[in-house]
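Visitor: Below is the structure I would like to discuss, written out as structure tokens.
Rule-based calculations on the coordinates, nothing more; no lab input. In this text, all values refer to a predicted model and were calculated from it rather than measured experimentally. Here the Cβ positions follow ideal geometry from the backbone for every residue, glycine too, while neighbour counts run over all protein chains shown.
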Amino acid sequence: MAYYHVQGLSIAVVHDYKVAWAKGYGWADKKERKPVTPETLFEPGSISKSLNAVGLLKLVQDQKLDLHTDINTYLTSWQFPYDSISHGKKITLAQLLSHSAGLTVHGFPGYDLSAQIPTVPQILDGEYPANTPPVRSAFEPGIRFQYSGWRYHHLTTHADGCH
């Protein structure tokens, strides 16, 4: 923790689908000297991408999803608004998983516990109370890699029926 300047962290060991033990280390709030405990809430951050990918690939394995189908096939409460930037190419789950979908909005800052939480369509369209702009095409899908923390999570975890 000292080497990487980590203020606080929490570890949980899961065995046979149950938490075997959990412990907090360091500070949840160093200024107020509030320690990290197993109950301390952290934003999941990028770890959600790998967990999400495993779930999606399981659905592909079970033939419930296809990696090379237009994402709008799976999205029912919101549809990606294709435009001329995408040059008629459709975005696929494979492109979202490989960070090659060509979408805008790089990061996702999250929300304070006291903030009004937007719906998924509000987030994707950049509508209040969302704190990010709308997700749209930045370049043609499938032509290059561009890391995407935010796009990956929202478009792959909010396909209705595919959580």
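Visitor: Could you give the nm distance between label points at LEU51 and ALA94, where each point is 7 Å from its Cα heading toward the beta carbon?
Guide: 2.8 nm
Visitor: Once fully extended, how much extra length lies between VAL6 and HIS106, figured as 0.36 nm per residue of separation less the alpha-carbon to alpha-carbon distance?
Guide: Using 0.36 nm per residue and subtracting the Cα-Cα distance, I get 33.6 nm.
Visitor: What is the gain in length, in nm to one decimal, between ASP83 and GLN61 on full extension, counting 0.36 nm per residue of separation less the C-alpha to C-alpha distance?
Guide: Gain in length upon complete extension: 4.8 nm.
Visitor: Which of the listed residues, ALA20, LEU41, GLN7, is farthest toward the dipole's positive end in segment 1-42, when Lys, Arg count +1 and Asp, Glu count -1 at the beta-carbon?
Guide: GLN7
Visitor: I'd like the orientation of helix 47-61 relative to the chain: the angle between its Cα long axis and the longest Cα principal axis, in ° from 0 to 90, rounded to 10.
Guide: The angle comes out near 50 degrees.
Visitor: Below 10 angstrom from the Cβ of TRP27, what's the summed charge of the other residues (Lys, Arg +1; Asp, Glu -1)?
Guide: My count for the surroundings of TRP27 gives +2.
Visitor: A further question on this structure: Quote the FRET efficiency, to the nearest 0.05, computed for THR37 versus GLN116 with a Förster distance R0 of 22 Å and r equal to the Cβ-Cβ distance.
Guide: Calculated value: 0.20.
Visitor: Using +1 at the Cβ of each Lys and Arg and -1 at the Cβ of each Asp and Glu in the chain, identify which of GLY126, VAL54, ILE85 lies farthest towards the dipole's positive end.
Guide: Highest projection toward the positive end goes to VAL54.
Visitor: Would you calculate the separation in nanometres between label points at TYR17 and ASN72, each defined as 7 Å from the Cα along the Cα-to-beta-carbon direction?
Guide: 3.9 nm
Visitor: In debye, nearest 20: dipole of the chain around its Cα centre with unit charges on the Cβ of K, R (+) and D, E (-)?
Guide: 460 debye
Visitor: What relative contact order, as a whole-number percentage, does the chain give when Cα pairs under 8 Å and 6 or more residues apart are counted?
Guide: 20 percent
Visitor: For GLY8, which sequence-distant residues (separation of 5 or more, or a different chain) have an amide H within less than 5 Å of its own amide H, given hydrogens modelled in the peptide plane?
Guide: TRP27
Visitor: If packing is taken as the average count of other Cβ atoms within 10 Å, what order do 99-108, 28-37 fall into, highest mean first?
Guide: 99-108, 28-37
Visitor: A further question on this structure: Taking H as built 1.01 Å from N, whose amide H comes closer than 5 Å to the amide H of GLY126, not counting residues under 5 places away?
Guide: Residues meeting the criterion, in which the H sits 1.01 Å from N, are VAL135.
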